[in-house]
1. Restricting to segment 111-122, name every residue that is without any contact (Cβ under 8 Å) to a residue 24 or more places away in the chain and not small (G, A, S).
2. Counting just the residues of segment 116-165 that are part of a loop (DSSP other than H, G, I, E, B) and modelled with pLDDT under 90, which one comes out surrounded by the most Cβ atoms within 10 Å (Cβ to Cβ)?
3. I need every pair where a residue in segment 161-174 that is closer than 10 Å to W48 by Cβ has its Cβ under 7 Å from the Cβ of a residue that is surrounded by fewer than 11 Cβ atoms within 10 Å (Cβ to Cβ) and modelled with pLDDT of 90 or more, sequence separation at least 6 or different chains.
4. Among the residues that make up segment 22-40, is at least one of them of a type outside the set (A, V, I, L, M) and touching a Lys or Arg at 6+ places or on another chain (Cβ under 7 Å)?
5. Could you figure out which of (1) part of a helix (DSSP H, G or I); (2) surrounded by 16 or more Cβ atoms within 10 Å (Cβ to Cβ); (3) not aliphatic (A, V, I, L, M) isn't true of S105?
6. Which fully enclosed helices (runs of 4 or more DSSP H) of segment 1-100 have 1 or more residues being over 20 Å from F151 (Cβ atoms) and either in contact with a Pro (Cβ under 6 Å, 6 or more places away or on another chain) or at pLDDT below 95 (or both)?
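The values are calculated or read from the model by the stated rules, or taken from the named source; none is laboratory data. The shown structure was predicted, so the numbers you read here are calculated from the model rather than taken from an experiment. Cβ atoms come from the backbone with ideal geometry, glycine included; neighbour counts cover every protein chain shown.
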Amino acid sequence: MKKMKLTTFEIMSVFSIFILGVLLHFTYDWSSKNSFVALFSAINESTWEHLKLIFFPTLLFTFIGCLLYQKEIPNFLCAKTKGILISLSFLVLFFYTFKGIMGFSLAFLNISSFFISVLVGEYFFFKEVYQISCCNKMCLFFLLFLMLLFFLFTFYPPHIPLFQDPITNTFGLDK
């Protein structure tokens, strides 16, 4: 079977990331607050926990894409890593900029920021997939390190606003 074109794969990935990200918003509660599920799901309404909704689905499709395209496109992992970082950064900047301007947040903008952030990351991936070159091992290490931070901060978050649930004013898992 001939390999799927990169554009088709990425379009399918984006829609899958949208669906998985939305589902991950609810899976912790659906699992009766299972600690293992908490590692990958949003456990509260903090900005940090919402970054998981982008990171883990995108990471999944990054590794699938690497299996399919790494030989043909040696910069695939580098470009995807950059796209993930841009998506995560854009979500944080978007949220805090609009909250800072308005003085409060709107659910519509918060939800929209997730979808826009995924699209912005994918745009930069496509823009640079054939242009940038870097060390794939370093990118893999960085993604694994970031995953470890998501896991660690689920249970032991720093007490700064990025990690604070704006509804309950708590940090991390319910105690």
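1. Of everything in segment 111-122, just one residue is without any contact (Cβ under 8 Å) to a residue 24 or more places away in the chain and not small (G, A, S), namely I111.
2. Filtering first and then ranking leaves V129.
3. Filtered contacts from segment 161-174: F171/H159.
4. Yes, segment 22-40 contains at least one residue that is of a type outside the set (A, V, I, L, M) and touching a Lys or Arg at 6+ places or on another chain (Cβ under 7 Å).
5. If we test S105 against (1) part of a helix (DSSP H, G or I); (2) surrounded by 16 or more Cβ atoms within 10 Å (Cβ to Cβ); (3) not aliphatic (A, V, I, L, M), just (1) comes out false.
6. 6-24, 47-69
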